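K.L.:
Structure incoming, see below.
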Amino acid sequence: MHRSYTFVTALILAITCLAIAAYAAKPEALASRSLQPNLEAQMALPFRDNAVLQQKMELPVWGRSLPGATVTVKFDGQSRTVTADAEGKWHSTLDPMTAVRLKSVNDSPTGKSMTIVCQKDGQQATKTIKNLLVGDVWLCAGQSNMAGTMRRAIHPKNYPPNSIPEADYSALRYLSVADDSWLVCSPETAVKISRVGFYFIRRVQRDALVSMGIMVTAVGGSKIESWLNQPPYPTGKNYEVLLQPLVGYGIRGAVWYQGESNESNRRAYHPKLKSLILGWRKAWGQGDFPVHFVQLPGLKTSNRENPAGGDGRAEIRQAYVDTLAVENTGMAVTIDVGTPGDGTWHWAEAQIDGSDLIVSAKGVEQPKAVRYAYTAQPLGNLLYNKDGLPVGPFTTCGYESR
């Protein structure tokens with residue numbers, strides 16, 4: 001396995017800042033971005049201003065124009081001319097390029113422009129993509145633990161807490177699929193970046209000292225099946241809608257963080273994860289690029305009287321271990337950063353005082369949170385407002401604690 005960067009170390013550092021956060025992708029919005037034929041080049045999703053282009057590999061560039069149009073791609077002294085097919089689709093390939101080494105992660109390299117000139121029937125249209133850098137690009141995917149974004153300003157759950165105010169990294173770029181744009185990392189834009197992705201790519205960039213790009217496609221609560229693309233599994237919706245537009249873009253490797261939604265699969269998760277890795281590599285056609293994954297952290301409390309173990313996520317973790325047999329894979333172990341789950345909860349006495357609900361429990365002098373009807377089928381007396389309408393179940397600690 002190629003180890004020029006400390007990938008797994010970077011992942012472990014990234015996970016120390018993990019907090020589960022729901023994320024709702026909007027597949028219907030992404031799906032509506034169909035490329036309508038037009039003489040001016042309409043570029044595939046990743047080709048936007050501020051993008052990072054993958055170094056040291058033949059670089060695919062593609063998009064649409066009018067059927068039969070002559071398309072010339074120019075970048076950094078290279079020029080390639082192709083002809084759009086009957087559907088207006090065209091695909092070109094640039095020779096490998098090498099990234100300019102940074103002096104530090106705070107360096108501000110000068111971006112370059114790519115021009116795409118389309119010609120047909122005496123007409124010409126020019127498209128310019130600005131501020132492009134050459135470096136390494138990583139794809140990050142999974143469910144909510146990958147999707148959760150950075151916390152604002154100085155926050156104790158950022159590590160270090162001042163990560164946002166100091167996020168002046170113009171050589172670090174983030175593809176926001178939802179916004180259809182690449183964001184240059186700054187204290188203003190860093191809050192939109194995946195937490196795990198941010199700490200991973202920041203750590204890797206510190207070692208590599210080249211420009212870095214990160215593309216995140218993650219959906220809270222999604223199952224691995226929704227990200228698969230090869231037999232014996234049907235192509236999943238998240239793969240088709242969220243990942244397919246990125247397939248073929250030059251990447252250094254991928255990071256996968258998911259598994260909670262497949263907890264019941266136990267070791268049957270292994271063939272699915274293997275299918276995901278092999279299927280993505282086949283779709284990209286860029287060889288056996290590195291795929292690193294995160295072994296799930298701890299959650300809840302296990303029965304100490306059962307020495308056999310195997311409960312909860314234990315078998316999912318073993319499925320990850322088994323997947324290390326796949327060539328060029330790596331695993332970050334996060335068993336030491338999990339949470340014990342719901343804390344110590346007590347039944348409370350409640351009294352209504354005007355518009356306030358006063359709760360107390362014997363032996364609890366400094367309560368941290370309150371939950372009401374927080375179960376599948378609440379039993380006992382329910383709470384109603386003055387209009388006779390029931391109060392919705394809630395927990396005052398929100399999603400920050402389970």
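K.L.:
Mind checking which residues of region 61-84 are buried (at least 18 other Cβ atoms within 10 Å of the Cβ) and within 24 Å of Arg252 (Cα to Cα)?
P.N.:
The answer is Val61, Trp62, Gly63, Val73, Phe75.
K.L.:
Same structure, new question: Which of the residues belonging to region 345-378 are within 13 Å of Phe394 (Cβ to Cβ) and under 40 Å from the mean Cα position of the chain (by Cα)?
P.N.:
Selection gives Ala369, Val370, Arg371, Tyr372, Ala373, Tyr374, Thr375, Pro378.
K.L.:
Please go through region 280-309 and pick out each residue that is more than 18 Å from the chain's Cα centre (by Cα) and modelled with pLDDT of 95 or more.
P.N.:
Lys282, Ala283, Gly285, Gln286, Gly287, Asp288
K.L.:
Here is a check on your reading of the model: is Val326 in the same structural domain as Trp256 (by TED's automatic domain parsing), of a type in the set (Val, Ile, Thr) and under 22 Å from Ser264 (Cα atoms)?
P.N.:
Answer is no for this residue.
K.L.:
Can you go through Ala308, Ala332, Ala373 and tell me which one is on the phi < 0 side of the Ramachandran plot and without any contact (Cβ under 8 Å) to a residue 60 or more places away in the chain?
P.N.:
Ala308
K.L.:
Name the residues in region 164-180 that are small (Gly, Ala, Ser) and closer than 23 Å to Val100 by Cα, would you?
P.N.:
Ala167, Ser170, Ala171
K.L.:
Okay, next question. Restricting attention to region 289-305, and to residues there that are touching a residue at least 40 places away in the same chain (Cβ under 8 Å) and surrounded by fewer than 15 Cβ atoms within 10 Å (Cβ to Cβ), which single residue is nearest to Gly253 (Cα to Cα)?
P.N.:
Lys300
K.L.:
Something else: Here are some residues: Ile277, Ile316. Which one is at negative phi, β-branched (Val, Ile, Thr) and in contact with a helix residue (DSSP H, G or I) (Cβ under 7 Å, 6 or more places away or on another chain)?
P.N.:
Going through Ile277, Ile316 in turn, the sole match is Ile316.
K.L.:
Just wondering, is there one or more residues in region 318-335 that are assigned to a helix (DSSP H, G or I), of a type in the set (A, V, I, L, M) and within 30 Å of Arg281 (Cα to Cα)?
P.N.:
yes
K.L.:
Report the residue count in region 127-175 for those that are free of Cβ contacts under 8 Å to residues at least 40 places away in the same chain, surrounded by fewer than 18 Cβ atoms within 10 Å (Cβ to Cβ) and either under 13 Å from the mean Cα position of the chain (by Cα) or not assigned by TED's automatic domain parsing to the domain that holds Thr115 (or both).
P.N.:
The number of residues fulfilling the criteria is 10.
K.L.:
Could you run through region 178-191 and say how many residues are touching a strand residue (DSSP E or B) at 6+ places or on another chain (Cβ under 6 Å) and touching a residue at least 40 places away in the same chain (Cβ under 8 Å)?
P.N.:
3
K.L.:
OK, next. Name the residue, out of Val61, Val100, Val117, that is outside the structural domain of Ser194 (by TED's automatic domain parsing), of a type in the set (Val, Ile, Thr) and more than 28 Å from the chain's Cα centre (by Cα).
P.N.:
Val117
K.L.:
Continuing with the same structure: For region 229-251, which positions are touching a Gly at 6+ places or on another chain (Cβ under 6 Å) and farther than 27 Å from Val52 by Cβ?
P.N.:
Gln230
K.L.:
Looking at Gly88, Gly68 in this structure, which one is of a type outside the set (D, E, K, R), on the phi > 0 side of the Ramachandran plot and either more than 33 Å from the chain's Cα centre (by Cα) or outside the structural domain of Met43 (by TED's automatic domain parsing) (or both)?
P.N.:
The unique qualifying residue is Gly68.
The values are calculated or read from the model by the stated rules, or taken from the named source; none is laboratory data. Bear in mind the structure is a predicted one, so any value in this text is a computation, not a measurement. Note that we place each Cβ from the backbone using ideal geometry, even for glycine, and neighbour counts take in every protein chain shown.
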